[in-house]
Structure formats: C-alpha cells, structure tokens
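Accompanying notes for the structure given below.
What follows is calculated from the coordinates using simple rules that are stated; it is not laboratory data. Quick caveat: nothing in here was measured; it's all calculated off a predicted structure. Neighbour counts are summed over all protein chains in view; Cβ atoms, including those assigned to glycine, are modelled from backbone coordinates with ideal geometry.
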Amino acid sequence: MMAYIVMMAARLIELRRVLKPNGSLYLHCDPTASHYLKLVLDAVFGHSSYKNEIVWLRSKNPKGSQHASTRFGSATDAILFYGSGDAAFNPDLIRTKLTAEQVTEKYPSGDEIGPFADGPILRSESMGARPNLVYPYKGFTPGPAGWRMEKPLLEALDKKGNLAWTRTGAPRRKLRPEDDRGDPVGSFWGDIPPLNSQARERLGYPTQKPVALLDRIIQASSKPGDVILDPFCGCGTSLESAEKNGRRWIGIDVAHYAMTLIEGRLKAKYPSVDYSVYGRPTDLAGARELARRDKYQFQWWAAWRLGSQTYREDKKGADRGIDGNIYFHNGPYGVGRIIVSVKGGENVGVQMVRDLRGVIEREDAEMGIMVTLVDPTTPMTAEASSAGFLRKSAHGRLPRLQIVTVEDLLAGLLPKMPPLPQPARKQQSARKQKDGDQIE
Ligand SMILES: C[S@@+](CC[C@H](N)C(=O)[O-])C[C@H]1O[C@@H](n2cnc3c(N)ncnc32)[C@H](O)[C@@H]1O
C-alpha cells in the first residue's frame, strides 16, 4: 500500500502541474486506498480544492466477495473529485432520468395524454401581491397574488392539455413526466450499473469501467473541445467517452495490450478517429529499449507483432514457455495453434529451441515460433529445421518450428504461417477456460 501511495503521489504532483486552472481531477479507487489517497490529494491540491467523495455503487450483489462471511460485502468504489474554485462545472447536464417506477410514483394520475401529477398554478398569498398577474381566465380570477405566469403562457399551457379544474372550480396545473428534468445528481451514484459479464461494451479488460460513468464525469467538468487526460487509461473507457462527447484526449498506460485494445475499440465505434501512438517500438533500438525496461511488455509486444491473439494477465506468475498463442482454421483438422516464445535477451542458444519443441509436444500444438532480439545461432536454426513440417495441414507445407528476429518482424518479414482468422468472441471464451488465457 505504501509503495502504491508513493507511486501515486509522484504522479499526482505531475498531474497538478499539467492541470489547467479551471480543470478538475477525478481519482477513481477502491475503499482500501481511498482514505490514504484523499490525504495525498489534500496535500497536493490543497484541502480547499476538495469537492466531493463520490461513491459509485459498483456491485449490487457483493455476496461473491471472498470475505463475505467475516464482513459486509464491498459494494462501492470511491471517486475523489478535486478542482479549484474556477473549475468548470455543468450541474444542469447531469440530472438523473426518472426510472419507470419513479414515474409511476411521482405522476400517479392519468388522462388521455398520459400520466400527470397535480401542481400549483396560483401563487400563494405569502408570495405577496402581483397585480400584473391578476387577470380572469375561463371565468376564474385569482386573488391578489395572481397566477404563476402571464396570460400567453397560461393559454399555451391550457392548449397543451396541462390545465385542470378541480370540482370546486379551482385551477390546477398538470405536471408531465416528459417535462421533468430529473433530479440533480448527488455524491452517491447508484444509477450507473457496472459492466456485467454479458455487457456488449465489455472488452475483457479486468478493470473496465462503464462508459456512462465517464460520460457523467466528462460532461460535468468539461465542455466540447476540452482535453481529457487519463494517465492510467486501461482499455480506454475515458477515451471513448471523450471521443463520444467531442473532447480531445490523451491516454497513458504502461500495458501495450491496453493500447491495442483502445485502438480496436475506437476504430470500431469511430472509424475516422484521429490519434497518434507514442512509445510503441518502431525500430530495433526501440524494441531493445522496451526489452531492457520491461521484459514482459516486450514479450507481449513481440508476440502481438507476430499476430498473437492472446493476453495473459498473470504473466509474471506462470510462464510455461508460452508468450503468446496464434489460432488458425486448419480445415478438416479443426482449430490449429501456434505457440509463440519470445526471447528478449542478448544471449540465445540451442537449448531454447529444444525447450520450445518440448512445449509444442506437451501442448499438442501444431507449430511453434520463436522471436529473438538477436540473430539465432547456426545450431538454433538447425534445431528448428530438424523439427520438420506439420503433419496435418490444410495450408500446404508449413514448418513446425521457426525462428524470426525482431528486426525481421519490424521489416514485415513474417515466418511462414497459415491465414489467420478474425478474432471471434465465442471461440475466445471457450479457449479462455481451457488455457487460463485471456484472449484479446
Ligand atoms: C484500474 S486500470 C484502469 C481501467 C480503466 N479505467 C478502464 O476502464 O479500462 C489501471 C491501469 O493502470 C495501468 N498502470 C499501472 N501502472 C501504471 C503506471 N505507472 N503508469 C501508467 N499506467 C499504469 C495498468 O496497466 C492498468 O491498465
């Protein structure tokens, strides 16, 4: 926890540096860290910049929690909201729409137009005399306080069917649900459901948030054309919301997988979206730098460049010699699998190729491809060649084991591979159970 707080403190200081004077900061976290983060935020932004601790109802049914037998299930997240006195805020944009039950409860009467509720049309005496609002209408003249509106407005209201007369002959106003602006949003957000496993917007990213949650934040605290920065953008929910709401955006994430997901989701929804990606290797020096900085990110990036369709969350835990999987249609032989092994070190040797051969046998996969940062040695190439060709192939003669360098990959020189299918959601979840892999 302390390491996390220190990591966040350094980043929050930088975020304050780049935040415009009329900008706002929202920090979404879970309740195990929110109290510490609030102190850090107070220290960095000043206590006077604290605006709200928003509580988001993340789960309506927290009984699946592993601690449910010893404590109450954790059902909420915290969103800490900070901004200066000048921070832009549009409360009118964020009112909650009434649910069907609320409409029935709030508008209990009905006529040929639809549901309505009775409302006042006369000013009460305590509001004082208003001679200009005292005029006869349909045989009724109010007391000195008058009508609540001038005659043309009253006539328009009547024409719409929104003026009623009680049995005693007193006028009433018919209030309609379609004119209801909804309630202003408070700091408890129980009306935005989390993404369930069936949600259409779900991408398979473990911490994905619903777009509606980000819509509310972005609409409340910015206007079209403003810049949204999400420095931990994950699969890019905030970026999609920013694009949708006509804002400019910057997303940052250490996971290359996140960037790939974001590109896919934005292009699918907004085909003409315009953006640049920084930090993804485009040459050998960049690839070397990534391998030096983060071995696992390098492995994922290299496997992805090759066409790998899988992503393992628990990468650092169980490495069974598999850095990626490429699935293909192998005609009458069903779904074929290519196992990808990435070697980011400066020293490679023949034993690595033997190991990959062993993995292919163990996994009963069709092919194996090793990606190396440095050129393979002659014994490595010989070992790969000695593995022969696929026994059952619907795509002609395909080598069982191949080695490709990162330099080749960057130059577009791919090893021999069968044509790859487009990722399909159903197949993915079936395989996820089989290998414990989370497929892109
Ligand atoms: C909770 S997730 C964000 C989820 C996001 N709101 C969404 O809807 O997908 C946090 C993200 O922070 C990223 N991350 C972790 N450490 C980081 C760092 N030091 N800099 C940038 N991103 C980081 C992780 O890769 C992860 O994608």
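What angle, in degrees between 0 and 90 and rounded to the nearest 10, separates the Cα long axis of helix 256-269 from the longest principal axis of the Cα atoms of the chain? The angle comes out near 50 degrees. Computed from phi, the 3J(HN,Hα) profile of segment 358-367 under the Karplus parametrisation 6.51, -1.76, 1.60 (θ = phi - 60°) reads x, 5, 4, 4, 4, 8, 6, 8, 6, 9 Hz, with x in place of Gly and Pro.
Across segment 287-410, the relative contact order, built from alpha-carbon pairs under 8 Å that are at least six residues apart, equals 22 percent.
Shown here are the Rg and Dmax of the Cα trace of the chain, at 30.9, 106 Å. When the inverse distances between all different Cα atoms of segment 43-195 are averaged and flipped, the Kirkwood radius reads 20.1 angstrom. Residues in segment 347-355 carry Karplus couplings, in order, of 10, 10, x, 4, 4, 5, 5, 4, 4 Hz; the curve used is 6.51 cos²θ - 1.76 cosθ + 1.60 with θ = phi - 60°, and Gly or Pro positions show x. For Trp249, the residues whose modelled amide H falls within less than 5 Å of its own, excluding neighbours fewer than 5 places apart on the same chain, are Ile228. Taking the C-alpha atoms only, the angle from helix 425-435 to the longest principal axis of the chain is near 50 degrees. Report the normalised scattering of segment 112-179 as log10 I(q)/I(0) at q = 0.19 Å⁻¹, calculated by the Debye formula with identical scatterers on the alpha carbons. Treating every Cα as an identical point scatterer, log10 I(q)/I(0) equals -0.75.
To the nearest 10 degrees, how steep is helix 211-221 against the longest Cα principal axis of the chain, on a 0 to 90 scale? Its long axis makes an angle of about 60 degrees.
About its Cα centre, the dipole of segment 287-410 is roughly 180 debye, where the only charges are +1 on Lys and Arg Cβ and -1 on Asp and Glu Cβ.
When the helices of the chain are scored as -39500 (n - 2.57) per DSSP H run of n ≥ 4 and the total is divided over every residue, the value at 222 nm lands at -9500 deg cm²/dmol. Between Thr96 and Asp183, Val185, the built amide H atoms are under 5 Å apart, and every one of these is 5 or more places off in sequence or on another chain. Our coupling estimate for segment 10-18, obtained by passing each phi through the Karplus curve with A = 6.51, B = -1.76, C = 1.60 and θ = phi - 60°, is 4, 6, 5, 5, 5, 5, 5, 4, 8 Hz, Gly and Pro reported as x.
Going by a ≥ b ≥ c, the root eigenvalues of the Cα gyration tensor, does segment 1-97 fall in the rounded group (a/c under 1.5), the prolate group (a/b larger than b/c) or the oblate group?
Because a/c hits 1.5 or more and a/b fails to exceed b/c, segment 1-97 counts as oblate.
Loop-resident trypsin sites (Lys or Arg not before Pro) (DSSP state other than H, G, I, E or B) in segment 181-258 with no more than 13 further Cβ atoms inside 10 Å of their Cβ: Arg181, Arg200. Taking 22 Å as the limit for the C-alpha separation, the pairs Lys269/Lys295; Lys97/Lys244; Lys209/Lys269; Lys106/Lys160; Lys60/Lys209 exceed it in the case of Lys269/Lys295. Scattering from segment 287-410 was approximated by placing one identical point on each alpha carbon and applying the Debye formula without solvent; log10 I(q)/I(0) at 0.09, 0.13, 0.23 1/Å stands at -0.23, -0.49, -1.47.
Determine the relative contact order of the chain: mean sequence separation of Cα pairs under 8 Å and six or more apart, normalised by residue count, in whole percent.
10 percent
Summing Lys and Arg as +1 and Asp and Glu as -1 over all other residues whose Cβ lies under 10 Å from the Cβ of Glu407 gives a net charge of -3. Near the amide H of Gly324, within less than 5 Å, lie the amide hydrogens of Val340, all on another chain or at least 5 residues away, with H placed in the peptide plane.
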